[in-house]
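The values are calculated or read from the model by the stated rules, or taken from the named source; none is laboratory data. These numbers come from a predicted model, not from an experiment. Here the Cβ positions follow ideal geometry from the backbone for every residue, glycine too, while neighbour counts run over all protein chains shown.
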Amino acid sequence: MRLLRIGPPGGERPCAVGPGGVVRDLSSWVPDWTGAALDPDALQETAARLAREAAGLPEVDLAAGRVGPPVRPGGHLLSIGLNYRAHAAEAGLAVPGEPIVASKAPTTLVGPYDDLLLPPGGEKTDWEVELAVVIGRRAQYLPDPASALRHVAGYATGNDVSERSWLLERGGQWVKGKSFESFSPLGPYLVTPDEVGDPGRLRLTCRVNGRMMQGGSTADMVFDVSHLLWYLSQCMVLHPGDVVLTGTPGGVALGRPDQPYLRAGDVVEAEVSGLGAQRQRCRAVVLGDAGTAAPVLPAASARTRS
């Protein structure tokens, strides 16, 4: 089953792709894609019911509404660092012996087509296409990695956007460089495990202004999804709706001396095979007279890169 949420920020409705590829509004069945609704057994029951009763649910026109993140924000949002050898090499850092875990503010979660807001003074905002894993069942002290995937609600395309100057040049923890508004585009879909198969055989790509920047496979992870979830369960409780961004392959701006970081007007397109593609236009944020952030798109938005 492919889950998504449609509506304005804070007012998204839970939806799913039904028979014939028609998107249906499931808000009469579940309050949102969060909590108990994400339990793997509950999702199987919802899928079976959708196959039987889809005709009685309202159709949703994707072209007429905003697509939000496929799960309601609010739980853990975790980022795994240096989980691909090529990315560790381009960052000039050693491949870790254990997973590197960083937090992101849950408020960074946005929809797959929402604008990517470049923070004031930020000069090194970077892309990171990643496989996102959404927890569906509480996990704590799992006995082994083999048991971990039973706790997964589904998978999604993610972009672990990072501001490198705050991440690497200002000391402290990585959370600072990863928690700016809009820095976690997710979706468009949350795809249940039965439709994904082996999460270790997925292709990841990222383009900036149409130019391929990243191309990799989850087969190249240092620590696979099962190991990551098992590891995380040893040091925290994972709850339904928590999101784990599992690392990015090589090809980010940090490792490309000839490639500028993101600028206003740039278009970022990230995709994980079978999970759908997302697209963001970059917009600069300026501080308004009252000190509030007001995004603006400068006239140079049509600029392209060589």
Exercise. Which of the residues that make up segment 120-140 are surrounded by fewer than 18 Cβ atoms within 10 Å (Cβ to Cβ) and in contact (Cβ under 8 Å) with a residue 60 or more places away in the chain?
Worked result: Pro120, Glu123, Arg137, Arg138, Gln140
Exercise. Is there a residue in segment 159-171 that is out of contact with any strand residue (DSSP E or B) (no Cβ under 7 Å at 6 or more places or on another chain), modelled with pLDDT under 95 and under 19 Å from Gly247 (Cβ atoms)?
Worked result: yes
Seminar exercise, completed: Matching residues in segment 245-262 (crowded, with 18+ Cβ neighbours inside 10 Å and over 30 Å from Leu229 (Cβ atoms)) number 2
For this session: Determine, yes or no, whether Ala88 is surrounded by fewer than 16 Cβ atoms within 10 Å (Cβ to Cβ), closer than 26 Å to Leu202 by Cβ and assigned by TED's automatic domain parsing to the domain that holds Gly187.
Result: no
Problem set entry | Meets criteria (surrounded by fewer than 20 Cβ atoms within 10 Å (Cβ to Cβ) and not hydroxyl-bearing (Ser, Thr, Tyr)) for Glu163 | no
Exercise. Among strands (runs of 3 or more DSSP E) lying entirely in segment 1-117, which contain 2 or more residues that are within 25 Å of Gln278 (Cβ to Cβ) and without any contact (Cβ under 8 Å) to a residue 40 or more places away in the chain?
Worked result: 13-17, 23-25
Exercise. Is it the case that some residue within segment 234-241 is over 18 Å from Gly75 (Cα atoms) and either of a type in the set (Ser, Thr, Tyr) or not in a helix (DSSP H, G or I) (or both)?
Worked result: no
Exercise. Considering only residues of segment 233-289 that are under 17 Å from the mean Cα position of the chain (by Cα) and among the charged types (D, E, K, R), which is farthest from Thr157 (Cα to Cα)?
Worked result: Arg281
For this session: Would you tally the residues in segment 153-188 being aliphatic (A, V, I, L, M) and farther than 25 Å from Gly215 by Cα?
Result: 2
For this session: Return the only residue of Pro185, Pro145 being in the same structural domain as Gly241 (by TED's automatic domain parsing), over 27 Å from Leu4 (Cα atoms) and modelled with pLDDT of 95 or more.
Result: Pro145
